[in-house]
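Right, one structure below, let's go through it.
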Amino acid sequence: LRCSYCPSPTLARPKVDMSATDFMRVIEHIRYYVSAGTQKEINFCGIGESMMRPDFIDLMRVARGVFPTIPFVLATNGLHMTEETAKRMVEHRVHCWISLHRPEKAGPAIEIAKRHGILLGVSADPSINADDWAGQVKWHRSQPYVSACQWLREGKVMALADGRVSACCLDASGIGVVGHVDDPIGSLKTKPSKLCMGCAQEIGMVGFKQREAGSYA
C-alpha cells in the first residue's frame, strides 16, 4: 500500500519471502525458548505484510502443530483478510491487530475479524501515538519517551525474511542484526544498536550514557 508512515517502500534490504528452511529453523529457536519458559508468544509479523505469502496459513498450521498452546499474534493491513482466511485463522488460533493506516482497506477486514472473534485490536499509531521509526521515516513524533526498551529488557528478537535476526522491532535495514537463524540454538545475544540513538525508548542509565556518547555498535 506504500503507506507514507511505513519504512517498507524504501527498505535498504531485499524484499524477499522467508524460505521454508529458515522458517523451520526459526521454529527450532522458538522451541528452545519455549522449553526454557521465556517464550510467551509468537508474533508472525515484522516490517512487511505476512499475509501476502500464498502459504501463510500453511505456515501457521505447521507452527501450531509444534506449539499447541502458545498464543499466535499477527499485525496486518487487512488487505488479504477474507472470510475463508479468517476461518483458517480461527482453526489455528491466530489473533490479529489490524492497522488503520489505510482505513478504506482496513474497515472490511476489521468486520471480518470481528465476526470470527480473532480481532485483538486496531492500530492508529500514525495519528495518536506517532513515531518516526527511530529516524527512518519522515514523520512527527507524539509518542512519549519511555523508561526502558521492552525488546532489550526482555531479550526479544525479530527474524528477518532473509534469515538474519535483529534485536529491534523498528529495524527496517538490518542495523540491529545480532545473528542469523543458522547460528547455534541459544547462542544469540541482544544488544543496543545505532537505531537506539534516535529511538523514543531508553534502555536504562547505561543505554542513556551510550546514546549521549554516540557509542552504539
Quick check on the chain: of the DSSP beta bridges with both residues there, what percent are antiparallel, nearest 5%? 35
If you stretched the chain out fully between Arg2 and Glu83, how much longer would it get, using 0.36 nm times the residue separation minus the C-alpha to C-alpha distance? 26.7 nm
Can you send over the solvent-accessible area of His95, 1.4 Å probe, protein chains only, in Å² to the nearest 10? 60
Quick check on the chain: take the gyration tensor over C-alpha atoms, sort the square-rooted eigenvalues as a ≥ b ≥ c, and tell me if it's rounded (a/c under 1.5), prolate or oblate. oblate
Considering amide H positions built from the backbone, and no H for Pro or chain starts, which residues 5 or more places from Val165, or on another chain, come under 5 Å of its amide H? Leu160, Val178, Gly179, His180, Val181
Protein chains only, probe 1.4 Å: how do Met24, Met51 rank by accessible area, largest first? Met24, Met51
Over the heavy atoms of Asp162, what accessible area does a 1.4 Å probe trace out, to the nearest 10 Å²? 50
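Would you tally the net charge around Asp171, using a Cβ to Cβ cut-off of less than 15 Å, leaving Asp171 out, and scoring K and R as +1, D and E as -1?
Details: positive: Arg13, Lys15, Lys156, Arg164, Lys191, Lys194; negative: Asp131, Asp132, Asp162.
For residues surrounding Asp171, the net value is +3.
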Just to check I understand the Karplus step: with θ = phi - 60° and J = 6.51 cos²θ - 1.76 cosθ + 1.60, what whole-Hz values come out for the range 68-80, glycine and proline as x? x, 10, 5, x, 10, 10, 9, 10, 9, 7, x, 4, 9
Work out, in µm²/s and without decimals, the Stokes-Einstein translational diffusion coefficient of the range 8-101 at 37 °C, 0.692 mPa s, Rh from Kirkwood over C-alpha pairs. 230
How big is the dipole moment of the chain about its Cα centre under a simple scheme where the beta carbon of each Lys and Arg is +1, that of each Asp and Glu is -1, and everything else is neutral? Debye, nearest 20, please. 220
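Of the heavy-atom accessible surface of the chain (probe 1.4 angstrom), what whole percent is carbon and sulfur?
It is 56 percent, rounded to a whole number.
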Using the beta-carbon distance between His180 and Arg61 and R0 = 25 Å, what value does 1/(1 + (r/R0)^6) give for FRET efficiency, to the nearest 0.05? 0.45
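Need one word for the range 66-180: rounded, prolate or oblate. Basis is the Cα gyration tensor (sqrt eigenvalues a ≥ b ≥ c); a/c below 1.5 gives rounded, then a/b vs b/c decides.
Taking the square roots of the gyration eigenvalues as a ≥ b ≥ c, the range 66-180 is oblate.
Quick check: with the 1.4 Å probe, what order do Met60, Met18 take by accessible area, largest first?
On the way: Met60 5, Met18 30 Å².
From most exposed to least exposed: Met18, Met60.
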Skip the ligands, DNA and RNA, and give the accessible area per residue of the range 75-123 with a 1.4 Å probe, whole Å². 52
Using protein chains only and a probe of 1.4 angstrom, how many square angstrom of Glu28 are accessible, to the nearest 10? 70
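With every protein chain kept in the model, how would you rank Leu160, Leu188 by accessible area, 1.4 Å probe, largest at the top?
Details: Leu160 5, Leu188 35 Å².
Descending accessible area places them as Leu188, Leu160.
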Alpha carbon centre of the range 100-169 versus the range 28-96: separation in Å? 16
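Can you tally the net charge around Glu28? Count Lys and Arg as +1, Asp and Glu as -1, for every other residue whose Cβ sits under 15 Å from the Cβ of Glu28. The partial results should precede the final answer.
Working: positive: Arg25, Arg31; negative: Asp22, Asp182, Asp183.
Charge balance near Glu28 sits at -1.
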CD proxy, 222 nm, the chain: helix-only mean residue ellipticity via -39,500 (n - 2.57) per DSSP H run with n ≥ 4, per residue, nearest 500, stands at -9500 deg cm²/dmol
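The values are calculated or read from the model by the stated rules, or taken from the named source; none is laboratory data. Model, not experiment: these values are computed from the prediction. Neighbour counts run over all protein chains shown; Cβ positions are idealised from the backbone, glycine included. With ligands, DNA and RNA removed, areas are computed over all heavy atoms of the protein, side chains included. Shrake-Rupley method; radii C 1.70, N 1.55, O 1.52, S 1.80 Å.
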